[in-house]
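Okay, structure first, notes after.
Taken together, the values in this text are just the output of simple stated rules run on the coordinates, not laboratory data. Computed from a predicted model, the values in this text were never measured in an experiment. Virtual Cβ from ideal backbone geometry, glycine too; neighbours counted across all protein chains shown.
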Amino acid sequence: RPRGEGEAGRRHRGPPRRRADMNLALLDPFSHNELPEVIEAKLEVPSTVSVCAFNRRGSMLAGGCDNGHVIVWDFETHGVARTLELHEAPVTSVSWTKSSRRLLSSGADGRLAVWDVLGACVVQLLARENLEFTGASTHPLRRDVCLACSSSTVVASR
């Protein structure tokens, strides 16, 4: 019998968990004390950061500022890696692609931008007059798909 298999050829993954135990984390997400108790370091910010997101590996942090800038920090060194300037109003969301090479930002100025982070340049721009984007997100698997929200509509883009 192959290693790790149980009685009927099924993989044994440890003791069976009760359904109540599995759903406990969903019902009470604050029951586990996994938040840090001490501030270890602070990042320098040129403006108020209202939104932020880690890349998939946790090595980079993007922050959307009220002055329209997107700041990318190297989380290992706590230094600013890039400052991306495009939005003319507060940035309302930032979202990394799976590869961490590109970053989506949305703004209250009606602009959605896809950034090449390494080159610090916009590779795709969608601008809508009289529309304020309230949030946006990249697709978890496909870098050519994103979702953006405004106060009145949801836009899916390819």
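Here are the numbers for the structure shown:
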quantity	calculated
D74 versus E40: modelled label distance in nm, points set 7 Å from Cα along the beta carbon direction	1.8
Long-range HN-HN contacts of V51 with modeled amide H, under 5 Å	G64
Extension gain (nm, one decimal) between S59 and D144, 0.36 nm per residue minus Cα-Cα	28.3 nm
Ranked packing of 122-132, 140-150, most packed first, by mean Cβ within 10 Å	140-150, 122-132
Spin-label zone in the range 99-116 - amide nitrogen under 11 Å from a point set 7 Å from the Cα of E88 along the C-beta vector	109-111
Under-5 Å amide H pairs with Q124, H placed in peptide plane, nonlocal only	V114
